[in-house]
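Enquirer: After the structure tokens below, expect a handful of questions from me.
The values are calculated or read from the model by the stated rules, or taken from the named source; none is laboratory data. None of the values given here were measured: they were computed from a predicted structure. Counting neighbours? That spans all protein chains shown, and the Cβs are built from the backbone with ideal geometry, glycine included.
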């Protein structure tokens with residue numbers, strides 16, 4: 001495996017359209033030989049944040065929280081798949097990710113956003129840049145926006161538009177560049193603090 005990449009997804013809705021975007025990204029990363037971990041907020045189902053992972057004593061965190069912490073600590077990068085809820089990100093996504101902090105440091109994140117309309121969730125992406133940066137993740141400059149999610153991808157996450165497959169290649173090229181650069185820096189020099 002070239003890189004270990006976690007795909008975060010935060011919708012809890014019963015008719016989740018964004019799951020198609022997550023499946024699409026997982027497939028694209030698998031095709032590029034990434035070790036992919038899917039962090040689905042609905043599957044992890046952490047309660048509303050009361051205690052961060054770091055606030056538990058060693059070996060005292062819930063098993064699922066410990067499992068995800070280990071994946072985050074050993075990841076090379078992240079793909080954040082976010083729908084736009086009221087011009088912002090899904091509460092399930094922020095709740096899942098807020099349980100951690102130092103585990104994310106100095107690993108890049110790529111933002112995939114989507115919406116039912118033509119804007120592709122870019123207002124959520126704008127909010128995500130500040131959110132991810134505060135958590136110690138530099139975001140790559142490209143945003144992968146998927147408009148009209150209901151028509152752009154089928155239920156299995158297969159693109160119904162040739163342009164999506166073409167655009168995702170450039171997006172992942174950039175993410176991998178950052179994953180490699182920051183992986184090398186962490187190995188050679190460690191974290192700056």
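Enquirer: Only residues that are out of contact with any strand residue (DSSP E or B) (no Cβ under 7 Å at 6 or more places or on another chain) and farther than 13 Å from residue 139 by Cβ: list them for the stretch 92-105, please.
Expert: Hits for the stretch 92-105 are 92, 94, 95, 98, 99, 100, 101, 102, 103, 105.
Enquirer: Let me spell it out: the conditions are (1) more than 23 Å from residue 45 (Cα to Cα); (2) under 16 Å from the mean Cα position of the chain (by Cα), and residue 186 meets all of them except one. Which number is the exception?
Expert: Here residue 186 meets the rest and fails (2).
Enquirer: Being in a loop (DSSP other than H, G, I, E, B) and surrounded by 14 or more Cβ atoms within 10 Å (Cβ to Cβ) narrows it down to one of 38, 8, 24, 46, so name that one.
Expert: When all the criteria are applied, what remains is 46.
Enquirer: Can you say whether residue 61 is assigned to a loop (DSSP other than H, G, I, E, B) and either farther than 23 Å from residue 102 by Cβ or touching a helix residue (DSSP H, G or I) at 6+ places or on another chain (Cβ under 7 Å) (or both), as far as the supplied structure shows?
Expert: Yes; evaluated as a whole, the condition is true for this residue.
Enquirer: Could you check how many residues of the stretch 165-179 are more than 30 Å from residue 100 (Cβ to Cβ) and either surrounded by 16 or more Cβ atoms within 10 Å (Cβ to Cβ) or out of contact with any strand residue (DSSP E or B) (no Cβ under 8 Å at 6 or more places or on another chain) (or both)?
Expert: Final tally of qualifying residues: 1.
Enquirer: Taking into account only those residues within the stretch 57-89 that are modelled with pLDDT under 95 and touching a strand residue (DSSP E or B) at 6+ places or on another chain (Cβ under 6 Å), which is farthest from residue 190 (Cα to Cα)?
Expert: Looking at the filtered set, the residue picked out is 83.
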